[in-house]
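Visitor: My questions will all concern the structure given below.
None of the figures in this text is laboratory data; all of them are computed from the coordinates on show. Worth saying up front: this structure is predicted, and the values here are computed from it rather than measured. Cβ placement follows ideal geometry from the backbone for every residue including glycine, while neighbour counts extend to all protein chains displayed.
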Amino acid sequence: MSEAFGAFMQLYSGLPREGPGTIDSLLNVLEIADTPPLGRVLDAACGTGADSKILSRALPNVELIGVDKQAEFIEAAKARGLRADFRVGDMLWVEGDFDLIWCAGAVYFFGVETVLEAWRGHLRPGGKVAFSEVVWREQASAEAKAFWAEAYPAMDSQNGLNARIESCGFKVLSAEPLGRAGWEAYYNALRANIARLKGQNPVMDEVIAETEAEIAVYDAHFGEYDYVVYLVEPV
């Protein structure tokens, strides 16, 4: 593990979740998804299991599998004591078939086309994919464009992403913006970690500076972009 990656993991440890999101946004998707009570659910790139906890409570009798490539996250997820099978692995190379595949904020690692193509063959009849993805919501400022051009060059508008999903042979069942609350909870927890860790060493301070730049763009330009929580199914 590199020193920079170690500092990143330390900065992001102990957070309620590893990215923007809310309980309600996931519960709203589950209400529409109508997952069978005894179905099989995948939490792809599950992190420390924040959403697995919601899934296990909302769908107490499903077979729940959580996958993440970071062993540290999987260990933290296991420590929650949920009735779930947490595994270290690649979110694209899953085993078996599922009634629901959920992925919070990690589709951007591969792109929506790659993800949907990989998961299509792992959906049971009636199975659905739900995920959150950051998109442009309105005309963006130069500062926001400059930041996201480096952080996520492939970032699309919501209409653009809708069209790409449909071009993959999927139908958009719902697409709801996350809203400010989901970002605030995440960034407030990060701010607390920053205050605790700042000044420890130059590597940590460099990682913190990158995070503070992200938060500064959010503070100045939220509304120009947001996560949208999607529920889609193959057609």
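Visitor: Where Rh is the Kirkwood radius over the Cα pairs of the stretch 76-122, the temperature 25 °C and the viscosity 0.890 mPa s, what D in µm²/s does Stokes-Einstein return?
Guide: Reported coefficient: 201 µm²/s.
Visitor: Compute a Gaussian network model of the chain, connecting alpha carbons closer than 10 Å, and tell me which residue from Ile32, Ile54, Ile165 fluctuates the most.
Guide: Maximum among the listed residues: Ile32.
Visitor: How would you rank Thr48, Thr211, going from fewest to most other Cβ atoms within 10 Å of each one's own Cβ?
Guide: Fewest to most other Cβ atoms nearby, the residues stand as Thr211, Thr48.
Visitor: Shifting gears a bit: Go ahead and set up a Gaussian network model of the chain, Cα springs under 10 Å, then flag whichever of Ala118, Ala106, Ala130 fluctuates most.
Guide: Of the options given, Ala118 has the highest mean-square fluctuation.
Visitor: What's the ranking of 120-126, 176-182 by average number of surrounding C-beta atoms within 10 Å, highest first?
Guide: Averaged packing, sorted descending, gives the order 176-182, 120-126.
Visitor: Moving on to the next point. Which number gives the lysine pairs in the chain that have C-alpha atoms under 20 Å apart and are eight or more places apart or on different chains?
Guide: 5
Visitor: Now a separate question. If the elastic network links every pair of Cα atoms under 10 Å, which of Asp51, Asp99, Asp85 fluctuates the most in the Gaussian network model of the chain?
Guide: Maximum fluctuation in the GNM of the chain, among the listed residues, is at Asp85.
Visitor: Taking the beta-carbon count within 10 Å as an exposure proxy, list Trp119, Trp93 from fewest neighbours to most.
Guide: Trp93, Trp119
Visitor: Helix-only estimate, please: 222 nm mean residue ellipticity of the chain, summing -39500 (n - 2.57) across DSSP H runs of length 4 or more and dividing by its residues, to the nearest 500.
Guide: -13500 deg cm²/dmol
Visitor: Would you mind ranking Glu224, Glu206 so that the residue whose beta carbon has the fewest other beta carbons within 10 Å leads the list?
Guide: Lowest to highest Cβ neighbour count: Glu206, Glu224.
Visitor: If you restrict to DSSP beta bridges whose two residues both lie in the stretch 3-234, what percentage is antiparallel, to the nearest 5?
Guide: In the stretch 3-234, DSSP labels about 45 percent of beta bridges as antiparallel.
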